[in-house]
Amino acid sequence: MLSNAAVIHTRRWVEYFRGRGHEVGLWSLEPGPADLGAQALPRLPLPGFLRYPLARPALERALDRFGPALVVAHFVPNYGVLGALSGRHPLAVIAWGSDLLVVARRDPLRAARTRFVLRRADLVIADSDGLAGAARTLGAEPGRVLALPWGIDLERFRPAVAREPELIVSTRMHEAIYDLETVIEAARPVLLERPASRLLIAGDGGRRAALERLAARRLPAGRWQFVGRLAPAALADTLGRAAVYISAARSDSTSVSLLEAMACGALPVVCDLEGNREWVGEGEGARLFRTGDPGDATRALRLALQDPAWAARARTRNRAEVESRADWRTNMARVEARFAALLDAAPAPGAPVAGGA
């Protein structure tokens, strides 16, 4: 597996397959927790479009020693490129959303790099229909694309015993694409109007300090809090107590954070994006608002908080939706089955590989 060892999604994938009895080696340019056992690749002080390809020789030596039956690369522009350059097959590439929906569309060079990876992948896994469509448009062979949400741990993420009826929670990372500035500005009128309401912002990232300064200027004192990254149990508890989950992400495929909120009964107030609409609609489990529009987000927050009868129906509907479509164990078993099919169909060593580099 080739992936950023510092990211929680990497841990989930590695631990699932190790738990199923597979021998999983993990290679990463980014350092991760020691217990994950990631093997370090050289991280040169260069831009990413150079840094990852230049790790190829070290990776090839490591793969020669490990002898993988399958290479799985997470996130197309970096580890997908590295996996494609390795020339190993079968190669499964896992798209995360912004890699195809944002990065690949920035300029012709990034689009070409994405096509290079997708055309060499034996399997592309996308966590939404929209992302799968983007993969096909960018060059993935349609029969090699699997649209499947990763899912969440439904035993862990569930409603708490008691809910705080005025608690608004954000769990997105503090990076530009998640637009927490809109979250803060949208929450300001609601906090001023509703004396019991408060905003809790979990997560971390490069914009945290600037966001904390903005919150200090714009929000009522004592009514907001930045709590950093939460361990899974603490995150589940927070969402289980929350009245509302808010996300102003400018781009999303199937958001794991949205699924976690739905499972826990935190009412989604989210941008009107295709990836979100695959799970919720306006008035159908959620309140939607225009991307980058704090005023419209305030309107959506007010609607979510003012109608207890609708809220109860939405919570019931959302829990049923994730139980039917977003069970982590069920969906990862499907991924495992597709990996097994790849191995069954793999040519004998030395035989030519269709679509290979």
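The values are calculated or read from the model by the stated rules, or taken from the named source; none is laboratory data. The structure displayed is predicted, hence computed values, not measured ones. Glycine gets a Cβ as well: all are built from the backbone with ideal geometry, and neighbour counts include every protein chain shown.
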*Can you pull out the residues in the stretch 311-328 that are in contact (Cβ under 8 Å) with a residue 40 or more places away in the chain and in a helix (DSSP H, G or I)?*
Ala311, Ala314, Arg315, Asn318, Arg319, Glu321, Val322, Glu323, Arg325, Trp328
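Listed here are the residues, each with its yes/no results for (1) exposed (fewer than 15 other Cβ atoms within 10 Å of the Cβ); (2) in contact with an Asp or Glu (Cβ under 9 Å, 6 or more places away or on another chain); (3) outside any helix (DSSP H, G or I).
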site: Trp13; (1), (2), (3): no, no, no
site: Gly21; (1), (2), (3): yes, no, yes
site: Gly32; (1), (2), (3): no, no, yes
site: Arg56; (1), (2), (3): no, no, no
site: Ala62; (1), (2), (3): no, no, no
site: Tyr79; (1), (2), (3): no, no, no
site: Leu85; (1), (2), (3): no, yes, no
site: His89; (1), (2), (3): no, yes, yes
site: Ala92; (1), (2), (3): no, yes, yes
*asked:* For the stretch 240-275: of the residues being touching an Asp or Glu at 6+ places or on another chain (Cβ under 6 Å) and part of a helix (DSSP H, G or I), which is surrounded by the most Cβ atoms within 10 Å (Cβ to Cβ)?
replied: Gly275
*Could you pull out the residue among Arg136, Arg120, Arg144 that is closer than 25 Å to Ala92 by Cβ, at pLDDT 95 or above and in contact with an Asp or Glu (Cβ under 8 Å, 6 or more places away or on another chain)?*
Arg144
*Is there any pair with a first residue in the stretch 1-27 that is farther than 23 Å from Arg65 by Cα and a second that is in a loop (DSSP other than H, G, I, E, B) and of a type outside the set (A, V, I, L, M, F, W, C) whose Cβ atoms are under 7 Å apart and which are 6 or more apart or on different chains, and what are they?*
Ala6/Glu30; Ala6/Pro31; Ala6/Gly32
*For the stretch 239-259, indicate whether the set of residues that are modelled with pLDDT under 95, closer than 18 Å to Pro159 by Cα and within 16 Å of the chain's Cα centre (by Cα) is non-empty.*
no
*Condition test on Ala202, is it under 27 Å from Arg277 (Cβ atoms) and in contact with a strand residue (DSSP E or B) (Cβ under 7 Å, 6 or more places away or on another chain)?*
yes
*Only residues in the stretch 149-168 that are more than 25 Å from Glu15 (Cα to Cα) count as the first member; pair them with residues that are in a strand (DSSP E or B) and β-branched (Val, Ile, Thr), Cβ under 7 angstrom, at least 6 apart or cross-chain, and list the lot.*
Ile168/Val244; Ile168/Ile246
*Residues within the stretch 94-108 that are out of contact with any strand residue (DSSP E or B) (no Cβ under 6 Å at 6 or more places or on another chain) and either in a strand (DSSP E or B) or touching a residue at least 12 places away in the same chain (Cβ under 8 Å) (or both), tallied*: 9
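Residue-wise test of (1) of a type in the set (D, E, K, R); (2) surrounded by 23 or more Cβ atoms within 10 Å (Cβ to Cβ).
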position: Ala126; (1), (2): no, yes
position: Ala132; (1), (2): no, no
position: Leu146; (1), (2): no, no
position: Glu155; (1), (2): yes, no
position: Thr171; (1), (2): no, yes
*Look at Ala111 and say whether it is touching a residue at least 24 places away in the same chain (Cβ under 8 Å) and either outside any strand (DSSP E or B) or in the same structural domain as Arg315 (by TED's automatic domain parsing) (or both).*
yes
